[in-house]
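Have a look at the structure below, then the notes.
The values are calculated or read from the model by the stated rules, or taken from the named source; none is laboratory data. These figures come from a predicted structure and were not determined experimentally. For neighbour counting, all protein chains shown are included, and Cβ atoms are generated from backbone atoms with ideal geometry for every residue, glycine included.
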């Protein structure tokens, strides 16, 4: 006797993707673009950008390239990673690229408790750029013009209602 699970799993075999896409990560500030990260960072032996980060948000991805994790903290744009980079991938000469990280942040209206009428400012309080706007006490939205994608709001949200989409830096 064939079980239902076997029938439905047989349908899925025909719809497996032909190639697996690599995720696009949020890269540290002061970077010279994704191609420079990909060509120079895997050969870096000391990974000084990781150890220089006081917020402990820089990690090395599976290709040997630094990326940011906003699970517990955000980026303060303190310059330490750029000062520590021996290969010139991160450099203070590119301060214009440090004005925002390569990500767009959004607040899920389904998951945000403020959208359900609960007074919550957990995301707004750590935002140094005043990029989180409220309609009265409720309905927060992120102003893309002000947001630097630092990630502090994501780390502080008690319901994980804030998400981001990284895009390839040029």
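Among 150, 123, which is in contact with a helix residue (DSSP H, G or I) (Cβ under 7 Å, 6 or more places away or on another chain) and buried (at least 18 other Cβ atoms within 10 Å of the Cβ)?
123
Can residue 23 be described as more than 15 Å from the chain's Cα centre (by Cα), loosely packed, with under 12 Cβ neighbours inside 10 Å, at pLDDT below 95 and closer than 30 Å to residue 161 by Cα?
Judged against the criteria, residue 23 is not a match.
Look through 29, 42 and report the one residue that is closer than 21 Å to residue 104 by Cβ and either in a loop (DSSP other than H, G, I, E, B) or free of Cβ contacts under 8 Å to residues at least 60 places away in the same chain (or both).
Residue meeting the stated conditions: 29.
Got a number for residues in the stretch 60-81 being in a strand (DSSP E or B) and more than 16 Å from residue 164 (Cβ to Cβ)?
2
Given the structure, is residue 125 over 15 Å from residue 26 (Cβ atoms) and not in a loop (DSSP other than H, G, I, E, B)?
Against the criterion (over 15 Å from residue 26 (Cβ atoms) and not in a loop (DSSP other than H, G, I, E, B)), residue 125 does not qualify.
Look at the stretch 45-59 and say how many of its residues are more than 15 Å from the chain's Cα centre (by Cα) and not in a loop (DSSP other than H, G, I, E, B).
5
Assess whether residue 86 counts as being over 23 Å from residue 24 (Cβ atoms) and out of contact with any strand residue (DSSP E or B) (no Cβ under 9 Å at 6 or more places or on another chain).
Yes: the conditions hold for residue 86.
Which ones in the stretch 82-92 are closer than 22 Å to residue 147 by Cα and assigned to a helix (DSSP H, G or I)?
Across the stretch 82-92, the qualifying residues are 82, 92.
Examine the stretch 70-77 for a residue that is free of Cβ contacts under 8 Å to residues at least 60 places away in the same chain and surrounded by fewer than 21 Cβ atoms within 10 Å (Cβ to Cβ), and state whether such a residue exists.
No, there is no match, as no residue in the stretch 70-77 is free of Cβ contacts under 8 Å to residues at least 60 places away in the same chain and surrounded by fewer than 21 Cβ atoms within 10 Å (Cβ to Cβ).
Tell me whether the stretch 47-62 contains one or more residues that are modelled with pLDDT of 95 or more, over 22 Å from residue 152 (Cβ atoms) and surrounded by 17 or more Cβ atoms within 10 Å (Cβ to Cβ).
yes
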